[in-house]
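Structure record follows, encoded as structure tokens.
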Amino acid sequence: MLLSELSGLIGLKLAGKDKEISGVNTLELAGPTELSFLANAKYEDKLSTTKAAAVVLEEKYTDQVESALISENPYMDLAKAMHVFSKPQGCLEGIHELAFVHNDADVDDTATVYPFAFIGKGTVVGPNCKVFAGAYVGEDCTIGAGSILYPNCTVMAATAIGAGVIVQPGAVIGGDGFGYAQVAGKHMKIPQIGTVELGDQVEVGANACIDRASLDVTRIGSGSKLDNLVQIAHNVTTGDDCLIISQSGVAGSTKLGKNVIIAAQAGLVDNIKIGDGAIIGAQAGVPNDVKPGFIGAGSPLQDQRSFLRSSVSIRKLPVMGKKISALEKRIKALEAELFKGNEDE
């Protein structure tokens, strides 16, 4: 499409020549019909060498390119442009004859269900949903309008999924929580009879798992995004717009506030509270409640300043070890001299 058309679609002002745009790419790789962006000043020098047809950038950089879309937040506005050019997954429409849809399920006429998908009794699938091949949706579930269940994901019984939700391949929502009682040295399973609720616009990454509650509900707040391989245990609740990054685990009944960020491989123990806007660094171990707005890392978790100081000290340990060894040798030598002097007297 023409750059002028795109500018109207994403609400940006066009500066310079109007050109035809066929896609989006980086400053280094963009070709003469592609749109690029400048979101970080350290890449400003690439504006003089890029072959991009146009660049999304702040107004102060406009004179460095032939064509530009002026933006106060280039990264966000590039994402809008990418939505325009992105091709949705899938090639079918309607309910394929090889899909299993229970007679008591209610699938909207505008939904698409691929071959070998399973939709159980009493489940409601809303308008414009897509259920891809191999997806399993158990009984009495609700799938909100425009949601996408990608291949081989699993949505167990009585799960409620909001509108515009994306469940990536291999994710499991509503599997049993990890609950056992020890009886005479054996582990007796505790039935997990609660449910899972996902708010609107949630995304669940590939092979992530959200366990059903033992009682009540495991709830993921609207707008929250879970990366691949995230584990959410039974009865966990999150506020809206949380980010939980790859390989992180949140143990049972822990509560996250709004806009919490949990970086990769962090682990949170059970029954704690994480305040609104807290940021937990990668590989952190979180044993206690975290106050709103806290920023930290480390295992056990420390505030950011303490963690950085500790990290610096740890890097100095090899040198400190050598100095201590040298000091020990000097002390032994001095003690030996002192002992010899006492004997001579």
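The values are calculated or read from the model by the stated rules, or taken from the named source; none is laboratory data. None of these values were measured; they are calculated from a predicted model. Here Cβ is always computed from backbone atoms with ideal geometry, including for glycine, and neighbour counts include all displayed protein chains.
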statement: Within segment 161-187, residues being within 24 Å of residue 216 (Cβ to Cβ) and part of a loop (DSSP other than H, G, I, E, B) number 8
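Would you confirm, using the coordinates I've provided, whether residue 252 is in the same structural domain as residue 211 (by TED's automatic domain parsing), part of a loop (DSSP other than H, G, I, E, B) and touching a residue at least 40 places away in the same chain (Cβ under 8 Å)?
Answer is yes for this residue.
Looking only at segment 216-226, decide whether some residue is within 15 Å of the chain's Cα centre (by Cα), part of a strand (DSSP E or B) and surrounded by 20 or more Cβ atoms within 10 Å (Cβ to Cβ).
Residues of segment 216-226 within 15 Å of the chain's Cα centre (by Cα): 220-226.
From the residues that got through so far, the ones that are part of a strand (DSSP E or B) too are 220, 225-226.
Within this subset, residues satisfying the condition of being surrounded by 20 or more Cβ atoms within 10 Å (Cβ to Cβ) are 220, 226.
Checked against the condition, which is being within 15 Å of the chain's Cα centre (by Cα), part of a strand (DSSP E or B) and surrounded by 20 or more Cβ atoms within 10 Å (Cβ to Cβ), segment 216-226 yields at least one hit.
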field: Single match in 279, 262, 272 (criterion: in contact with a strand residue (DSSP E or B) (Cβ under 9 Å, 6 or more places away or on another chain) and over 22 Å from residue 204 (Cβ atoms))
entry: 272
query: Among (1) without any contact (Cβ under 8 Å) to a residue 40 or more places away in the chain; (2) under 19 Å from residue 210 (Cβ atoms), where does residue 150 come up short?
result: (1)
- request: Those residues that are free of Cβ contacts under 8 Å to residues at least 24 places away in the same chain and either under 17 Å from residue 222 (Cβ atoms) or hydroxyl-bearing (Ser, Thr, Tyr) (or both), I need them from segment 257-273; list them, please.
  value: 259, 260, 261
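Residue-by-condition table, conditions (1) touching a strand residue (DSSP E or B) at 6+ places or on another chain (Cβ under 8 Å); (2) farther than 14 Å from residue 7 by Cα:
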residue	(1), (2)
22	yes, no
50	yes, yes
65	yes, yes
80	no, no
105	yes, yes
113	yes, yes
118	yes, yes
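So which residues in segment 291-345 are in a loop (DSSP other than H, G, I, E, B) and farther than 30 Å from residue 257 by Cα? Before the answer, list the steps.
Keep residues of segment 291-345 that are in a loop (DSSP other than H, G, I, E, B), which gives 291-294, 298-301, 345.
Listed by number, the list holds a single entry, 345.
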statement: Restricting attention to segment 295-313, the residues that are buried (at least 18 other Cβ atoms within 10 Å of the Cβ) and under 28 Å from residue 213 (Cα atoms) number exactly 1
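Working carefully through the options 90, 162, 185, 170, find the one that is among the small types (Gly, Ala, Ser) and crowded, with 20+ Cβ neighbours inside 10 Å. If you could, list the steps in order and put the result at the bottom.
Numbers: 90 fails: crowded, with 20+ Cβ neighbours inside 10 Å; 185 fails: crowded, with 20+ Cβ neighbours inside 10 Å; 170 fails: crowded, with 20+ Cβ neighbours inside 10 Å.
One residue alone meets the criteria, 162.
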field: Options 200, 211: the member that is surrounded by fewer than 19 Cβ atoms within 10 Å (Cβ to Cβ) and within 24 Å of residue 125 (Cα to Cα)
entry: 200
